[in-house]
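Colleague: So that we are looking at the same thing, I have put the structure below in structure tokens.
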Amino acid sequence: MKPFDYQRAHGLDDAGQLLVADGAKPIAGGTNLLDLMKLEVETPTALVDVNRLPLGGITAHGEGLYIGALVSNCACAADPRIRSDYPVLARAILAGATFQLRNKATTGGNLCQRTRCYYFYDLSQTCNKRAPGTGCAAIGGFNRIHAILGASDTCIATYPGDMAVALSALDATVEIHDVKGDKRLVPVRDFHRLPGDTPERDNVLEPGDVITGVVLPAPAGGTQLYRKVRDRASYAFALVSVAAVIHVEDGKIAKARLAFGGLAHKPWHDARVEALLEGEAPSDALFDQAAALLLDEARGQGSNDFKIPLTRRTLKAVLREATGGTL
Amino acid sequence: MPITINGAEYELDVDPRTSLLDFLRRDAGLTGTKKGCDHGQCGACTVLLNGQRINSCLTLAVMHDGDSVTTIEGLGTPDAPHPLQAAFVRHDGYQCGYCTPGQICSAKAMLDEIAAGWTSFVSDDVAGTPKLSEEEIRERMSGNLCRCGAYSNIVAAISEVAEAQA
């Protein structure tokens with residue numbers, strides 16, 4: 001690990017000032033960052049410890065909830081309000097990593113976790129995300145875990161997390177404190193970026209920004225599911241995951257909210273698919289249309305071609321289950 | 001402020017790069033906690049931080065002044081083993097033993113989590129009360145690998161202690 005200055009932030013403004021410096025990075029749980037620092041994929045010159053900032057706790061917020069950025073993944077998934085009113089979020093968090101990691105991992109830090117692309121991790125390989133301008137060894141390489149939607153010629157990495165996929169389905173909002181001391185709100189759906197020609201930027205955070213919390217809107221109700229398809233039954237990243245919030249009224253889908261993990265550089269949300277489903281009676285034919293629309297621009301990279309039919313089948317299975325059908 | 005480990009205080013005057021794991025083994029001389037992968041994948045370094053299980057390899061020692069850590073040395077001794085330690089011996093819950101301190105610290109915290117009502121990904125109702133089953137134990141212990149493959153006996157040992165506590 002490269003040497004770095006360890007700094008402890010005393011207040012949000014202090015954190016912003018420390019983090020605006022070139023080479024500075026915040027550390028909260030550290031489970032992803034320290035892993036990458038040991039490999040020297042990440043080489044910050046200063047680590048700003050934000051753990052003592054007053055960003056804990058889950059509190060009422062209008063009709064919804066406010067989750068402090070330092071609330072651990074375990075604490076969030078164990079909260080009775082999250083488990084009762086936002087089960088898709090509790091299920092998604094519990095689908096990721098292990099209890100040991102989730103005790104340390106925070107709500108803000110988890111949003112910022114980096115890709116698991118093998119070439120991003122391997123310093124001997126080219127990677128536009130790790131070393132901009134060097135190329136992308138994943139294109140034409142081993143790309144079983146890579147993106148089928150929204151990728152670019154410079155990067156086909158995926159966002160690996162589960163929590164943010166559920167937050168996208170729930171249309172949650174990220175609260176950010178900037179270096180000037182102002183607060184801004186960014187929908188989770190807009191927080192992560194597509195790679196384009198700047199894949200080194202995973203999300204819209206600017207230097208000096210600190211995530212302070214996540215706002216959940218009023219409980220969505222309906223049937224909430226999180227299905228994750230992976231290589232092992234536990235402790236593995238998603239090949240494909242689906243977060244779904246579905247309301248059926250009078251035999252028709254009244255409301256559908258869907259987000260997908262494992263498919264793209266961000267949690268994937270496609271409002272066209274929701275619009276196609278809403279107002280219609282559930283049927284396999286309808287679900288086939290929804291999957292076809294979701295995947296109309298999907299493109300495999302060779303070893304991840306299987307993700308296209310896998311996504312179609314997983315979406316159909318989730319929609320059948322959510323609308324009371326048989327699997 | 002010092003860090004408290006198994007009830008004793010230690011000063012944290014170390015290179016900021018020092019993981020909590022390396023601090024425990026090298027600076028505090030507590031070598032019961034094991035270094036396996038050093039990347040949070042194997043669970044051999046599992047300890048209790050303020051009562052909750054974590055991977056001690058993936059956190060920096062300097063972040064933990066004022067915190068309380070319990071390692072395997074703090075759970076039991078050869079003369080007065082923790083019930084989980086005794087159960088692992090009774091059920092042959094190991095072969096080489098390298099993962100065992102992490103397994104036992106993890107299992108201790110897991111039983112506390114179930115007592116606190118935390119559900120897991122395999123729980124039927126995420127909002128309900130968790131029921132202990134082999135499937136639950138296997139899911140909740142998935143962060144602790146055993147390359148000897150003693151999983152069946154590890155599950156038996158944990159089940160026995162859980163039933164005795166119930």
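Colleague: Are there residues in the range B:57-75 whose accessible area shrinks by at least 50 Å² when all protein chains are included rather than the chain by itself, and which are they (probe 1.4 Å, ligands and nucleic acids not counted)?
Modeller: Residues passing the criterion (a loss of at least 50 Å², heavy atoms only) are B:Leu58, B:Leu60, B:Met63.
Colleague: Kindly identify the range B:11-163 as rounded, prolate or oblate by the Cα gyration tensor criterion: order the square roots of the eigenvalues as a ≥ b ≥ c, call it rounded if a/c is under 1.5, otherwise compare a/b with b/c, prolate if a/b is larger, else oblate.
Modeller: On the way: a/c = 1.86, a/b = 1.43, b/c = 1.30.
It is prolate, given that a/c is not under 1.5 and a/b is the larger ratio.
Colleague: Over the range B:3-75, with every protein chain in place, what whole percent of the accessible area is carbon and sulfur at 1.4 Å, could you tell me? Don't skip to the answer; put the middle values down first.
Modeller: Details: 1020 of 2540 Å².
In the range B:3-75, the share of accessible area belonging to carbon and sulfur is 40 percent.
Colleague: Just how large is the dipole of the range B:3-75 about the Cα centre, in debye to the nearest 20, putting +1 at every Lys and Arg Cβ and -1 at every Asp and Glu Cβ? Don't jump to the answer; show the numbers that get you there.
Modeller: Values: 6 positive and 10 negative charges, 83 e Å.
Magnitude of the dipole: close to 400 debye.
Colleague: I need to check one value: relative contact order of chain A, counting alpha carbon pairs closer than 8 Å and at least 6 residues apart, in percent. Could you put the intermediate results ahead of the total?
Modeller: Working: 751 pairs, mean separation 57.8, N = 327.
That works out to 18 percent.
Colleague: For the range A:217-234 and the range A:1-66, what is the separation of their Cα centres, given in Å?
Modeller: The range A:217-234 and the range A:1-66 have Cα centres separated by 28 Å.
Colleague: Calculate what fraction, in whole %, of the accessible area of the range A:5-49 sits on carbon and sulfur atoms when a 1.4 Å probe is rolled over the protein chains. If you can, show how the numbers build up before the last one.
Modeller: Values: 840 of 1760 Å².
About 48 percent, which is the carbon plus sulfur part of the accessible surface.
Colleague: With a ≥ b ≥ c the root eigenvalues of the C-alpha gyration tensor of the range A:5-57, is it rounded (a/c under 1.5), prolate (a/b larger than b/c) or oblate? Write down the numbers at each step before the final one.
Modeller: Working: a/c = 2.87, a/b = 1.41, b/c = 2.04.
In terms of gyration-tensor shape, oblate.
Colleague: Tell me, which residues of the range A:82-119 get at least 20 Å² less accessible area when the other protein chains come in, versus the chain alone (1.4 Å probe)?
Modeller: Residues of the range A:82-119 that lose at least 20 Å² of accessible area once the other chains are added: A:Arg83, A:Arg91, A:Leu94, A:Thr98, A:Phe99, A:Gln100, A:Leu101, A:Asn103, A:Lys104.
Colleague: Need one number: nm distance between label points at A:Asp22 and B:Cys37, each 7 Å from Cα along Cα→Cβ, rounded to one decimal.
Modeller: 3.6 nm
Colleague: Distance from the Cα centre of the range B:59-130 to that of the range A:254-327, in angstrom?
Modeller: Going from one Cα centre to the other spans 40 Å.
Colleague: Can you compute the label reach from A:Asp5? Point 7 Å from Cα along the Cβ direction, backbone N cut-off under 14 Å, restricted to the range A:31-74.
Modeller: A:44-49
Colleague: Another question about this same structure. HN-Hα J couplings of the range A:64-75 from phi, Karplus 6.51/-1.76/1.60, θ = phi - 60°, integer Hz, Gly and Pro as x?
Modeller: x, 9, 10, 9, x, 4, 8, 5, 6, 4, 4, 5
Colleague: Can you give the accessible area per residue of the range A:132-218, in Å², using a 1.4 Å probe? Please list the in-between numbers first.
Modeller: Numbers: 3160 Å² over 87 residues.
On a per-residue basis, 36 Å².
Colleague: Then there's this: Summed for both chains, how many Å² of accessible area, to the nearest 100, are buried between A and B with a 1.4 Å probe? Write down the numbers at each step before the final one.
Modeller: Values: alone 14130 and 8730 Å², together 19610 Å².
In total, this chain pair buries about 3200 Å².
Colleague: Please report, for the Cα atoms of chain A, the Rg to one decimal and the Dmax as a whole number; what are they, in angstrom?
Modeller: Values for chain A (Cα only, Rg and Dmax): 19.5, 63 Å.
Colleague: Accessible area per residue, 1.4 Å probe, Å², for the range B:3-75: what's the number?
Modeller: 35 Å²
Colleague: Now a separate question. So what is the 222 nm mean residue ellipticity for chain A from helices alone, if each DSSP H run of at least 4 adds -39500 (n - 2.57) and you divide by all residues, rounding to the nearest 500 deg cm²/dmol?
Modeller: On the way: 13 runs with 95 residues, N = 327.
The per-residue figure over chain A is -7500 deg cm²/dmol.
Colleague: Also, quick follow-up: Are there any residues in the range A:209-243 with a reduction of at least 50 Å² in accessible surface when going from the isolated chain to the assembly of protein chains? Probe 1.4 Å, please list them by number.
Modeller: A:Ser234, A:Tyr235
Colleague: Taking the solvent-accessible surface of protein heavy atoms with a 1.4 Å probe, what is the per residue accessible area of the range B:98-166 in Å²?
Modeller: Numbers: 3060 Å² over 69 residues.
Value returned for the range B:98-166: 44 Å² of accessible area per residue.
Colleague: Between A:Glu280 and A:Asp122, what's the calculated FRET efficiency when r is the beta-carbon distance and R0 is 35 Å? Round to 0.05. Could you put the intermediate results ahead of the total?
Modeller: Values: r = 46 Å, r/R0 = 1.32.
Efficiency, from the Cβ-Cβ distance: 0.15.
Colleague: Here's something else I'd like to know. For the range B:3-75, count all C-alpha to C-alpha pairs, find those more than 20 Å apart, and express that count as a whole percent of the total. If you can, show how the numbers build up before the last one.
Modeller: Values: 400 of 2628 pairs.
The answer is 15 percent, as a whole percent.
Colleague: Another question, if that's okay. Counting alpha carbon pairs within less than 8 Å and at least 6 residues apart, what relative contact order, in whole percent, applies to the range B:3-75?
Modeller: Details: 122 pairs, mean separation 29.9, N = 73.
41 percent.
Colleague: Can you send over the solvent-accessible area of A:Cys127, 1.4 Å probe, protein chains only, in Å² to the nearest 10?
Modeller: So the heavy atoms of A:Cys127 present about 10 Å² to solvent.
Colleague: Here's another thing I want to ask about it. Ignoring any ligand, DNA or RNA, what whole percent of the accessible area of the range A:224-322 comes from carbon and sulfur when the probe is 1.4 angstrom?
Modeller: Working: 1910 of 3980 Å².
Heavy-atom surface of the range A:224-322 belonging to carbon and sulfur, 1.4 Å probe: 48 percent.
Colleague: Based on DSSP H runs of at least 4 residues, each adding -39500 (n - 2.57), what is the mean residue ellipticity at 222 nm of chain B after dividing by all its residues, to the nearest 500 deg cm²/dmol?
Modeller: Values: 5 runs with 51 residues, N = 166.
-9000 deg cm²/dmol, from helical runs alone.
Colleague: Rank-order B:125-134, A:157-166, B:145-154 by packing density, defined as the average count of other C-beta atoms within 10 Å over each peptide's residues, highest first.
Modeller: Working: B:125-134: 14.2, A:157-166: 27.9, B:145-154: 17.4.
The most tightly packed comes first, giving A:157-166, B:145-154, B:125-134.
The values are calculated or read from the model by the stated rules, or taken from the named source; none is laboratory data. Note that the structure is a prediction, hence the values are computed from the model and not measured. Positions of Cβ are backbone-derived with ideal geometry, glycine not excepted, and every protein chain shown enters the neighbour counts. Side chains are part of the model used for accessible areas, which takes the heavy atoms of the whole protein and leaves out ligands, DNA and RNA. Shrake-Rupley method; radii C 1.70, N 1.55, O 1.52, S 1.80 Å.
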